[in-house]
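Asks: Structure incoming, see below.
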Amino acid sequence: MLRFVALWLLVRVFGRLPVRVLYAAAVLLDQPVEGFVWPDWLRYDDDVDSDFKGVQIVPSGFFGSQYGTADSIPSPPLASVDGVPLLFGTSEIRRAGNSLVVGADLLASTYFMLTRYEEWVRGGVRDAHGRFPGKESLPYRAGFIDRPIVDEYEELLRTWAGQAGVSVTAPNRRFSVLLTHDVDQIRTRHRYYNLARAVKKALLGRESWRQVARKALLAFKLFPDPADNMDDVIGLDRTMMASGNATRCQSVYFFMADDRAVSDGNYDIHGPRARRIIHDVLQSGATVGLHASYHAGQFPEDITDERIRLEEAVGVRIYKNRHHFLAWRDPEDGHALAASGITWDSTLGYADVAGFRLGVCRPIPLFDPHRRCMLGIEEHPLIVMDCTLSSDGYMNLDEDSAFAHVCKLADVAFQHGGEFVVLWHNHVLGKTDGSYHARLYPRILDYLGSLLQSDLGRVARRTKQYTPHPIKGPTTHASLTIHSS
């Protein structure tokens, strides 16, 4: 971290590049931010140097005076460059001596996606749970939510470097799978309330008496509890991890340590049942993380107490997290998360639509666009959640459509040598009231296993070939000086 701070001070003193640009460049090029050294083949400057051998990106002005304002948010339809959606700049590419000069501001576009910039600027746009809705996002509105465009930008930049006579080695990433489970319930809650509600609905003709009978058997413990299925879930994951995929398939279970809100967990993390389940999870080779409560999503400073409570119950260090309801409400709340001892998170996927919320399918370090600093958290972006696919208010897909959509997203992550992160709740897998997830999840595991076993999965292959953009002769650009940080 000290090397990065030194680099930050250097560019501030000489006024050349803001730290935001350095962050975007490091992540775009899949390089560690700590100790990042700016590549000698890349320039980000409106002053074109025809003797420079490499790629020169002309700044769009995004990091200038309009930064942080509503006017800085692009509106669809977007321009594109070589078939990839472009958030800032122009699609112009031209030769200038030894340089390839591009108007596509990939650094601003990358920064916009990685930092949740739109969510910060549009802070008044939230759903009933305080979350920024995926269907309000630019990736959804502009039609690229199913594309990791930052990873596509990396490929574009490498292609352009080659056209400028510079060889840039592709990242040696391997496709991997991260299976995650938010343990909201270890037994069905509100059994008698659910029974009374079912009777009322049946009397109104909105539910079958067969469902009422099933809920009556469950309420009086005469029927197996569908939420008491952790052994089955652990078994599915263990089979997947043990079938030759252990190095590229991992599993994480997120447990709750607070139950103050009605929507939070219905179990005592120190109780014998929870402790037995946690023991079985750890014995399976999976890891345990904190499922920060709905309350902690509203009051992030309380995450510390929850993490400590879970750590005491588990007996191992807890540094991983996912927020309940995916309710990490504002980007700057990450400071409280990091201060609590959390350094690894997998909250950042949209609840209402599956896809690539941050524009990547790989772990990245997070950055606060408001305070303009690193958060100290490695994010593993969530791509698919169970109820996102099936819920009426979300995507509302039938089983085969849901399977096809997950496979499509997995294929994209495979193409980029990415990490495919999925979330299935254990109580959703236990449902027997018409839910298809108990069938869908094993189908998805089989498909992901086939990708992991594929020879093409050993190293990230670039199957998409970009058509070289027509390169024009010398032209001029308006002068633009960037002084902001």
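Bear in mind that the values in this text are calculations on the coordinates, not laboratory data. In this text the structure is predicted, and so the values were computed from the model without any measurement. Neighbour counts run over all protein chains shown; Cβ positions are idealised from the backbone, glycine included.
Asks: I want to check the label-to-label distance for ASP51 and ASP330. Put each point 7 Å from Cα in the C-beta direction and report it in nm to one decimal.
Replies: So the two model labels end up 5.0 nm from each other.
Asks: Okay, moving on. When the chain is fully extended, how far beyond the present Cα-Cα distance does ALA170 get from ALA96, taking 0.36 nm per residue of separation?
Replies: Going from the current span to full extension adds 24.1 nm.
Asks: Still on this structure, please answer the following. What is the calculated FRET efficiency for GLN211 to ALA70, with r their C-beta to C-beta distance and R₀ = 41 Å, to the nearest 0.05?
Replies: 0.30
Asks: Next up: List the residues of segment 414-437 whose backbone N lies under 19 Å from a point placed 7 Å from the Cα of ASP398 along the Cα-to-Cβ direction.
Replies: Within reach of a label on ASP398, which here means backbone N under 19 Å from a point 7 Å along Cα→Cβ, segment 414-437 contributes 433-437.
Asks: Something else about it: Fully extended, how many nm does the chain gain between SER391 and GLN453 (0.36 nm per residue separation, minus their Cα-Cα distance)?
Replies: Here the segment from SER391 to GLN453 would lengthen by 19.2 nm.
Asks: Expected output is a single nm value to one decimal: the length gained when fully extending between THR343 and VAL316, i.e. 0.36 nm times separation in residues minus the C-alpha distance. What is it?
Replies: 8.2 nm
Asks: Put a dot 7 Å past each Cα toward the Cβ at LEU204 and ALA242; how far apart are the dots in nm?
Replies: According to this spin-label approximation, the distance is 4.7 nm.
Asks: List the trypsin sites (Lys or Arg not before Pro) in segment 119-199 that DSSP assigns to loop (not H, G, I, E or B) and whose Cβ has at most 16 other Cβ atoms within 10 Å. Which are they?
Replies: Hits after loop and neighbour filter: ARG122, ARG126, ARG173, ARG174, ARG187, ARG189.
Asks: Still on this model: Can you tell me the relative contact order of segment 282-384? Whole percent, Cα pairs under 8 Å, sequence separation 6 or more.
Replies: Once normalised by length, the contact order is 25 percent.
Asks: What dipole magnitude, in Debye to the nearest 20, does segment 70-172 give about its Cα centre under +1 on Lys/Arg Cβ and -1 on Asp/Glu Cβ?
Replies: Roughly 100 debye, rounded to the nearest 20.
Asks: My understanding is that a pair violates if its Cα-Cα distance is over 30 Å; which of LYS201/LYS320; LYS53/LYS135; LYS200/LYS431 do that in this structure?
Replies: Over 30 Å apart, Cα to Cα: LYS201/LYS320; LYS53/LYS135.
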